[in-house]
Amino acid sequence: MHLSIDLLQQLVRSESVSGNEAGNVEIYAEFARRHGLEPVVDGRNVWFERRVNDGPAILLNSHIDTVKAGPTWTRDPWDGAIEDGRLHGLGANDAKGSVAAQFAAAVELIAQGWDGNIVVCASCDEETGGEGMERIATTLLPRYDAALIGEPNNFLVARGQRGLIKCWINIPGRRGHASRPWQGDNAIHKVPRVITALEAPHLNVPNHLDKATVQVTMIEGGTQSNVVADHCSLTIDCRTTPAFDNTQMIAHLRAAANQADADLDLRSARFEPVETPADSHLVQAAMQVMGVDEPATFPSVCDLFWVRHVPALVMGPGQPIRSHQADEFILIDEVTEGVENYKSIVRNWWQRVSS
Ligand SMILES: [Zn+2]
């Protein structure tokens, strides 16, 4: 069995819903020791470093935590069975396939006498935020100068991701009997004004990170069928781009809230859009290896954000459609091809930065 598949199967068989990654960390560290590496464990994160000189280093990182198994699973989420060229189990695709491929790529590069510097890290809490890359990326990990974040995007060369704002718009009103609405002030009736303002067309500034978007994802308001609503709250998800960034989005949200004298309650606005320059060595190396002319973007928010101080890409084996789905799996061939892709990109990048 290929090293990457052996490791992947062991990782899948050990439950690691966010917060419970310790078993996976121990498995990973044991594999590292078995290959003559010296793993460092910090909390629910594990990494190893191979440094031959003071030159640049590349980080390979992906996450070992998973979401919870939903009720629609028809298989044991932790059986790790290999059938018909597939390895089944929760997290096989998102993102233990990337973890295993990155580990095997580094081991093979070192065994083949590659002369570069590399840091490889399997981290926790990607799905929830907290004690993973958020905590270790700039403080605890050994120095690195470029980063490949493994997520199942079928090895698209994703050089950026959009920013994220989560907020509420709380619309005020005044109670009254529904038969005499002129004595009250209906908060729900003000919602169309707010949504019309939110959907203003200037939001759709096109650029290479797709476009900025706003979605009202939940609505809550009113108290009783015959009472004028004295409040209505909209839950809103905003995605931002370099052309329409978080500052512009917040101004846009305030203007929409003002349409109803409403209050804007920002729950999270720290995730700015991330973009690695297209002409950086890492993007050029990955595009050459993958044979593509145009880089892509990652559609949601991943640990790329925490390594934005260096040129970084999101790339990994597997398909995004299988993530967070029942009966998750990854193809064996996707993982082993992923090992080769990571090795080739690392070699290509190293040639560019060390020449
Ligand atoms: Zn993921």
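Pairs meeting the criteria (first residue in the range 226-247 and among the acidic types (Asp, Glu), second residue assigned to a strand (DSSP E or B) and surrounded by fewer than 17 Cβ atoms within 10 Å (Cβ to Cβ), beta carbons under 8 Å, at least 6 apart or on different chains) are Asp230/Pro172; Asp230/Arg174; Asp237/Lys166; Asp237/Gln215; Asp237/Thr217.
Here are Arg44, Arg50, Arg34: which of them is more than 16 Å from Gly150 (Cβ to Cβ) and within 16 Å of the ligand (Cβ to nearest atom)?
Values: Arg50 fails: within 16 Å of the ligand (Cβ to nearest atom); Arg34 fails: within 16 Å of the ligand (Cβ to nearest atom).
When all the criteria are applied, what remains is Arg44.
Among residues of the range 251-277 that are more than 13 Å from Thr240 (Cα to Cα) and touching a residue at least 40 places away in the same chain (Cβ under 8 Å), those with a beta-carbon under 9 Å from a residue that is in a helix (DSSP H, G or I) and among the charged types (D, E, K, R) at least six positions away or on a different chain give the pairs Ala256/Arg193; Gln259/Lys190; Gln259/Arg193; Ala260/Lys190; Ala260/Arg193; Asp261/Lys190; Ala262/Lys190; Leu264/Arg254. Restricting the range 202-213 to residues that are surrounded by fewer than 22 Cβ atoms within 10 Å (Cβ to Cβ) and either touching a residue at least 40 places away in the same chain (Cβ under 8 Å) or part of a strand (DSSP E or B) (or both), the residue that is farthest from the chain's Cα centre (by Cα) is Leu203. Of all residues in the range 102-130, those being more than 16 Å from the ligand (Cβ to nearest atom) and part of a loop (DSSP other than H, G, I, E, B) number 5. Scanning the range 131-141 for residues that are more than 14 Å from the ligand (Cβ to nearest atom) and either under 17 Å from the mean Cα position of the chain (by Cα) or in a helix (DSSP H, G or I) (or both) yields Glu131, Glu134, Arg135, Ile136, Ala137.
Based on this model, can you work out whether Ala229 counts as buried (at least 22 other Cβ atoms within 10 Å of the Cβ) and within 26 Å of Trp182 (Cα to Cα)? Judged against the criteria, Ala229 is a match.
Looking across the range 200-225 at every residue that is in contact with a Phe, Trp or Tyr (Cβ under 9 Å, 6 or more places away or on another chain) and not aliphatic (A, V, I, L, M), the one that is modelled with the highest pLDDT is identified as Lys211. Within the range 1-46, being in a loop (DSSP other than H, G, I, E, B), at pLDDT 95 or above and surrounded by fewer than 23 Cβ atoms within 10 Å (Cβ to Cβ) holds for His2, Ser14, Glu15, Ser18, Gly19, Asn20, His35, Gly36, Leu37, Glu38, Pro39, Gly43. Selection over the range 150-170 of residues that are assigned to a loop (DSSP other than H, G, I, E, B) and within 11 Å of the chain's Cα centre (by Cα) gives a count of 4.
Taking the range 142-159 as the range and being more than 13 Å from the ligand (Cβ to nearest atom), touching a strand residue (DSSP E or B) at 6+ places or on another chain (Cβ under 8 Å) and under 20 Å from Gly338 (Cα atoms) as the test, the residues that pass are Ala146, Ala147, Leu148, Leu156, Val157, Arg159. Of all residues in the range 298-316, those that are touching a strand residue (DSSP E or B) at 6+ places or on another chain (Cβ under 9 Å), more than 12 Å from the ligand (Cβ to nearest atom) and not hydrophobic (A, V, I, L, M, F, W, C) total 2.
Can you pull out the strands (runs of 3 or more DSSP E) entirely within the range 244-347 that have at least 3 residues that are surrounded by fewer than 20 Cβ atoms within 10 Å (Cβ to Cβ)?
Qualifying strands (runs of 3 or more DSSP E): 263-271.
The values are calculated or read from the model by the stated rules, or taken from the named source; none is laboratory data. What you see is a predicted model; the values in this text were computed from it and never measured. Please note: Cβ atoms are built from the backbone with ideal geometry, for glycine as well, and neighbour counts cover all protein chains shown.
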